[in-house]
Amino acid sequence: MTRKPKHNPFTFMETLEQHVREDRVSFHVPGHHNGTVRDEKLPTVFQKIMPYDLTELGHLDDLHHAEGIILEGERALGSLYQSKSKWLVNGSTAGNWSLLAATVKRGERVYVQRNSHKSVWNAIEWLGLEPILLTPELDRGSSLPTVVTLETIQDAVTQYPGGKALLLTSPTYYGDMANIPEISAYLRPLHIPLLVDEAHGAHLIHPTFPKRSAIFEGASAVVQSAHKTLPALTMGAWVHYKEEINEKRLFHALSSFQTSSPSYLIMASLDYAREYLENLSERDWTHIQKSHFAFIMEMRRAGFSIKVGDDFTKMTVLTYPKNGLIFSQHLASIGIDAELAAEDHVLFCLPLRELKSQEIQHWVKLIKNASQHVPLIVEDETIYPYPMTERVSVLHAISDDADIIRKSFEQAIGAVAAETVIPYPPGIPWILRGEVITHEKIRVLNEWISLGRNLQASRHVMMKQIDVIVEEF
Ligand SMILES: Cc1ncc(COP(=O)(O)O)c(C=O)c1O
């Protein structure tokens, strides 16, 4: 039987360090046995890290039944976010799956943002949920998708009542944030839990921010990829939740969708990321934000058109009439790696630290230089506005053994799509698996294909064919 001390006066990292100092003998997994199974080819950095890559020994607690140092780390996290919190070692992906499983049962309805991350769509499919789709707004200047409005949510709830939860993405990749106080005030009396995919929002905690993490503003639960915006290792994430979330179901889901061998390196980095945030002084926050604004101002002064959202760590360079994809390739060739690029923009994720003015000057010079080598977009690459799609729509349930057939676009009109087509940008699905293919959908698709627009879709879609469900009579 394993021994589990209830209280450890040391932090998670200190306990790991103490364990390593004791130079213990490992007759347990992982198979590198504290880094002792190796040959001369093992890189030095791995030699240093492996002893910390531990397992659930008694004094090191167990993520899935936390009672010791993990519970203490999660409690410290919860007090920072004024909620209950759980560490995640399988990213926000596992968090989205778990929140949906904890709040919505098989066959039940859930309201969900149309351009949700694929983890949300996968969870909906495998958990057998009925999604009601909420289309986000588009930014007027850039045509990038922004947030779902209260009006759209009200329409969805009125037209399709009975949903068991509502899941939004906020902040978006581009830093736009939904009006969470307003939305949660509407949903609360209806007993519809508001779940927020805040994969990009773990750092938005300061009380003076005009918009903060949704967990401070009325959401029932949020999922955050600590690894995206804080100094945490990749896959390190966490979930914060309030009383209305059924903890038993949530814990069951978390232990079902996550590995049974959680990485102690990832967990240590999560505890460090929490501490890093906690240790930021008022002065630090001010200097970080000021330096980010200074970077943006310098970029504008250098002639770039910049979109900023509510999140000060996101800077979108609107590159039109130059091609953002080619621009980002030029940047990469001089050692500057941006987060993502599309035909008309390049997105930069700014680090959560004060940027030094010499760094800013240096970067702006390099970026400007790279931009000068990017040719203007030729006519047939022009960016086309995204046509309006329904603000609220539904999908047909597709059974696991449904027959699928490939049809030409014209023949597919009226059938239920068996695959998804996403124009990128803006990344809002134009056709979703389970959606009825209308004449208008095909008309627009035909136009995009003939104009050479970038589509995330199967190859045969580019040949004007699409997989549909064979109707059962
Ligand atoms: C909005 C959104 N949600 C969820 C995820 C999944 O996060 P993770 O990589 O931490 O599993 C991502 C990742 O890109 C994302 O952008």
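Size of the chain along its principal axes in angstrom, Cα-based, largest extent first?
Projected onto the principal axes, the Cα atoms of the chain cover 70, 60, 50 Å.
Sorted from fewest to most neighbouring beta carbons within 10 Å, what does the list Asp284, Asp197, Asp39 look like?
Fewest-to-most Cβ neighbours within 10 Å comes out as Asp39, Asp284, Asp197.
Please list, or write none, the aspartates and glutamates whose alpha carbon is within less than 20 Å of the alpha carbon of Lys41, excluding same-chain residues fewer than 8 places away.
Partners within reach: Asp53.
Any lysines with Cα under 24 Å of the Lys307 Cα? List them, leaving off those in the same chain fewer than 8 positions away.
Counting by Cα, and skipping residues close in sequence, Lys307 has these lysines nearby: Lys211, Lys228, Lys290, Lys322, Lys356, Lys365, Lys368.
Can you put Asp401, Asp310 in order, fewest other beta carbons within 10 Å first?
Asp401, Asp310
Tell me, Lys307, Lys464, Lys314, Lys248 in order of fewest to most beta-carbon neighbours within 10 Å?
By the 10 Å Cβ count, ascending, the order reads Lys248, Lys464, Lys307, Lys314.
State, as an integer percentage, the relative contact order of the range 6-93 based on alpha-carbon contacts under 8 Å between residues 6 or more apart.
In percent, rounded to a whole number, it is 27.
Go through the range 227-239 residue by residue and turn each phi into a ³J(HN,Hα) via Karplus (6.51, -1.76, 1.60, θ = phi - 60°); whole Hz please, and just put x for glycine and proline.
For the range 227-239, the Karplus-derived couplings read 5, 7, 10, 10, x, 10, 6, 3, 5, x, 8, 7, 10 Hz, x marking Gly and Pro.
Full extension from Ala185 to Phe293: what is 0.36 nm times the residue separation minus their Cα-Cα distance, to one decimal in nm?
That works out to 35.7 nm of additional length.
Place a +1 charge on the Cβ of each Lys and Arg in the range 324-364 and a -1 charge on the Cβ of each Asp and Glu, then give the dipole magnitude about the Cα centre in debye, rounded to the nearest 20. Could you put the intermediate results ahead of the total?
Values: 2 positive and 6 negative charges, 37 e Å.
For this selection, approximately 180 debye.
The numbers here are math on the coordinates, done by the rules we state, and not lab data. Everything numeric here is computed off the predicted structure, so don't read it as measured data. Glycine gets a Cβ as well: all are built from the backbone with ideal geometry, and neighbour counts include every protein chain shown.
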